[in-house]
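Remarks on the structure that follows.
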Amino acid sequence: MDKISFNIALFSYLLASFAYFVYLVYRRPLVSTLASGSVGLGLLSQTISIGIRSSLTGHGPYTTSYEIAMFLAWFMVVIYFLTEWKYKIKDLGAFVIPLVFLVMLVSVFLSKEAGLVPESEVRFWLTLHRTLSIIGFAAFSIAFAAGIMYLIQEHQVKTKKLGIMYFRMPSLEVLDDLNFKVITIGFPLFTLGFMTGSIWNTKMDQGFFAWDLARTMPLVMVWLVYGLVFFGRMATGLRGKKAAQGAILGFVAIIGTFFLHIL
Amino acid sequence: MTSGPNLVLVGVNHKTTPVEIREKLAFSQAKLEASLEELVSSPEIIENIILSTCNRVEIYARVENTDRGIQLLQDFICDYHGISRGNLDQYFYSFCDNQAVEHLFRVSSSLDSMVLGEAQILGQVKDAYSTARSSSSTGMVLNQLFEKAFNVAKKVREETGISERGVSISSAAVELAKKIFEDLENHSVMLVGTGEMAELAAKHLISYGVKTVYVASRTYERAAALAQTLNGCALDFESFKEEMHKADIIITSTAAPTFIIQKEMMEKAIQRRKNKPIFLIDIAVPRDIAPEVNELENVYLYDIDDLQNVVNANMEERQKEAENAMDIIKHEVTKFNNWFSTLDAVPTIVEMRNQAEDMRKIEVEKNLKNMDHLSSDDKDSIHLLTQSIVNKILHNPTINLKKKTQSQDGHIYLKAIRHLFHLDD
């Protein structure tokens, strides 16, 4: 049953990815409805899938790579929906939903076996660590999409070649503002996730610094990139193109780290 | 079609008729209701709507007979304004049925406007319609036609980019400003030089919400005068360089022979702005701002040629979108016609059934006279039986006629039925 709903979700996100893209270019109201509808269906079936799986395994979706991928995809959609509702920037979907689909697609090839659940005190820190980090990553995925849109729009205004996307996409200010806002949400969560992860490590008797360097170094890089964008804006007015590039770079690094973790 | 009343349209517009003539033919809003009532009181005219704007005067009507209707409407326009017909014949255009419907859809979707895609015309068509409705000069068909026209216009605006792009220098500039800053309300504009075009662009920006305005000019008095009209504050020409970083949009239009804003100057200004974007509009010829300024990050520089290119591209794009709009309109015309032709089938079907019923009644009553042995119940049964036979026989022709009248050659079937059943005699 959780497999069926997983497949429905996977297919819905694929359909939605196409629909959002077509909507971006052709602006047909019917396609817009199709896009929202299929993402909605995807989210619903994914929620069911996660729910069933959690009731079977007896814990939340944060132990195995498969579960983490599922959870990340789920939060990306949730945060995307919240952003769309708040900002009314439907075109973000054309960049976020394909990523969601990709994360889901990768998780198809991951082991579906239930993970080990550690004892209760460690479990608390593990849950907190993974959940906070995942929400942080999901927020960064929106910053990534806003960053791409910013670069496209900026390029058009700068080079004075005002193509169809110039008219379709929101203003530079809105995209830059959105980028900053989601990073403002994502960065503290990610930082907390990092800290709780260290605590979890300590509880596992691995010691605070006994990290697997190869696996954690990229995350430190990720933290630095977002930290630069976050504090840079407040301190020196780092914004616009550089902030957009930072958001893109950071998210590419996250995806890289993710692959590093599951391989 | 001989059967039903027809749609016609008579009018003049900016393409067919010079303004000296158009202005004489315009209907004043005050007298519009009286004109509509006068027209509809004619036995030839069933419904009518008068659309009178500065670019067109058109009368849409449903008439008993197409040719007579067109003549009558043209005469009405001439007589009303006291102009002889002979002088005007060359200017009038007239359309009927499909073409009239298509014309109205084009007009309300702004495909027939002087500036393609402008938004004003739809409001004018709506006004014309509501005036006509309130003077009761419209009926089922024109109501349906105009409501449909509003839907079509909405659809065209939503599904094509016909009115998406600015087609004047100042509207293209506002569009760009809105793509850089979104909401213009919390942003400021600085005019360096008091050129007419700069003033126009500033007014346009102000109408979109810009609140803070600075004006700098070599002659302080001119700056002060313009600042007063724009409700802004005047600056000494030399001090604009110091104040430059305060403005989000700078419009330059001085007569200076060399660049007055250099890259280094702008670099400093953008640093003082903490990298907040700045939009520079250089309307001056020779230019006021060094083109290298555009290389700076978060600085967007457009000179007069850049803006003109944007306008030209937008114009072309509107033309292209007009073709998409025509596809929508053609489709909607067909849909409207299908609806309109079913209207025509109805009177024919009613006449056909009445005729059959009359025949049945006469025949049954004639025969029942010789059947006195039957009880009144029996006679009633015979009536019911024959009615049901007539209904059965007419059932298929009725259904098929309704169906056929929705097709292209519907009028042929109608004509045939009317001929076969002798309905026109």
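Note on region B:291-312: among residues that are touching a residue at least 60 places away in the same chain (Cβ under 8 Å) and in a helix (DSSP H, G or I), the one that is nearest to the other protein chains (Cβ to nearest Cβ) is B:310.
On inspection, residue B:250 qualifies as over 34 Å from the mean Cα position of the chain (by Cα) and crowded, with 23+ Cβ neighbours inside 10 Å.
Taking the criterion of being buried (at least 16 other Cβ atoms within 10 Å of the Cβ) and either closer than 19 Å to residue B:277 by Cα or of a type in the set (A, V, I, L, M, F, W, C) (or both), the residues of region A:222-231 that qualify are A:222, A:223, A:225, A:228, A:229, A:230. Selection within region A:216-263: residues that are in contact (Cβ under 8 Å) with a residue 60 or more places away in the chain, over 23 Å from residue A:129 (Cα atoms) and assigned to a helix (DSSP H, G or I). The member of this set that is farthest from the chain's Cα centre (by Cα) is A:241. The listed residues are B:361, B:330, and the only one of them that is basic (Lys, Arg), on the phi < 0 side of the Ramachandran plot, in contact with a His (Cβ under 9 Å, 6 or more places away or on another chain) and assigned to a helix (DSSP H, G or I) turns out to be B:361.
Taken over region B:234-244, the criterion of being out of contact with any Asp or Glu (no Cβ under 7 Å at 6 or more places or on another chain) and either among the aliphatic types (A, V, I, L, M) or at pLDDT 90 or above (or both) is satisfied by B:234, B:244. Please work out which residue is nearest to the chain's Cα centre (by Cα), limiting yourself to region B:268-290 and to residues that are touching a residue at least 60 places away in the same chain (Cβ under 8 Å) and more than 21 Å from residue B:181 (Cβ to Cβ). This residue is B:284.
Candidates are the residues of region A:162-201 that are small (Gly, Ala, Ser) and over 21 Å from residue A:250 (Cβ atoms); the one that is nearest to the chain's Cα centre (by Cα) is A:171.
For region B:40-58, a residue qualifies if it is in contact with a strand residue (DSSP E or B) (Cβ under 8 Å, 6 or more places away or on another chain), surrounded by fewer than 23 Cβ atoms within 10 Å (Cβ to Cβ) and more than 21 Å from residue B:23 (Cβ to Cβ), and the qualifying residues are B:40, B:44, B:46. Taken over region A:139-196, the criterion of being facing chain B (nearest Cβ under 9 Å) and among the aromatic types (Phe, Trp, Tyr) is satisfied by A:166, A:167. The combined condition, being at pLDDT 90 or above, more than 12 Å from every other protein chain (Cβ to nearest Cβ), surrounded by 23 or more Cβ atoms within 10 Å (Cβ to Cβ) and closer than 17 Å to residue B:172 by Cα, is not fulfilled by residue B:329. Among the residues in region B:223-231, are any assigned by TED's automatic domain parsing to the domain that holds residue B:304, closer than 19 Å to residue B:306 by Cβ and not charged (D, E, K, R)? No, region B:223-231 contains no residue that is assigned by TED's automatic domain parsing to the domain that holds residue B:304, closer than 19 Å to residue B:306 by Cβ and not charged (D, E, K, R). Of the helices (runs of 4 or more DSSP H) lying entirely inside region A:1-109, those containing at least 2 residues that are under 22 Å from residue A:129 (Cα atoms), within 15 Å of the chain's Cα centre (by Cα) and of a type in the set (A, V, I, L, M, F, W, C) are A:65-87, A:93-108.
The values are calculated or read from the model by the stated rules, or taken from the named source; none is laboratory data. For clarity, every value in this text was computed on a predicted model and none was experimentally measured. Heads up, the Cβs are rebuilt from the backbone with ideal geometry, glycines too, and the neighbour counts pull from every protein chain shown.
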